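Read the figures in this text as sums done on the coordinates, not as results from a lab. Please read these numbers as outputs of a predicted model, since none were measured by experiment. Cβ placement follows ideal geometry from the backbone for every residue including glycine, while neighbour counts extend to all protein chains displayed.
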Amino acid sequence: MHASREAIQQEALGRAVGGQSWSNYAPIFAGFAAKGIPETQIKPRENVFTYHAWRALGRQVRRGEHGVKVTTFVPMTKKTGDLDPTTGDEKKVSIGKRAWTATVFHVSQTEPVAKDGAQ
């Protein structure tokens, strides 16, 4: 079963604002500075997010905009085959993390989403 679009967007936003790592700050600053955005206007976790995180915030990345690629580590789980007695769901165990690339965009590359769904 796939997650809804809204669930994916909310999860992306939660990861973006709740992250603790500073490892992507250097490529974020360098990438957006190369695009002509002053360093004083680059604020990761405040005005630099992924596409889905911007959607969760009610903004749309403008067509043709190119972001900055960053590397993140995504937790991996494995189903055990056992059922949780309280929820009835299959139990999962953590098996580590894997590297994943994502693209982030600056607020200046976005615009508010129209209320009626029109773009």
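Summary of values
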read-out: Shape of the chain, Cα gyration tensor, a/c cut at 1.5; value: oblate
read-out: Angle between the chain longest axis and helix 25-34 axis [Cα atoms, degrees, rounded to 10]; value: 30 degrees
read-out: Angle between the chain longest axis and helix 5-18 axis [Cα atoms, degrees, rounded to 10]; value: 70 degrees
read-out: Cα-centred dipole magnitude for the chain, charges only on beta-carbon of K, R (+1) and D, E (-1), debye, nearest 20; value: 280 debye
read-out: The chain: calculated mean residue ellipticity at 222 nm from DSSP helix runs of at least 4, using -39500 (n - 2.57); value: -7500 deg cm²/dmol
read-out: By average C-beta atoms within 10 angstrom, highest first, the peptides 88-95, 9-16, 69-76; value: 9-16, 69-76, 88-95
read-out: FRET efficiency for Asn47 and Ala114, using Cβ-Cβ distance with R0 set to 25 Å, rounded to 0.05; value: 0.75
read-out: Dipole axis of the chain (+1 Lys, Arg; -1 Asp, Glu on Cβ), positive-most option in Phe29, Gly14, Gly88; value: Phe29
read-out: Full-stretch length increase - Thr101, Ala34 - with 0.36 nm per residue and alpha-carbon distance subtracted; value: 22.2 nm
read-out: Relative contact order [Cα under 8 Å, 6+ residues apart], segment 5-112, whole percent; value: 30 percent
read-out: Residue-span extension gain [Glu65 to Thr87] - 0.36 nm each, minus C-alpha spacing; value: 3.6 nm
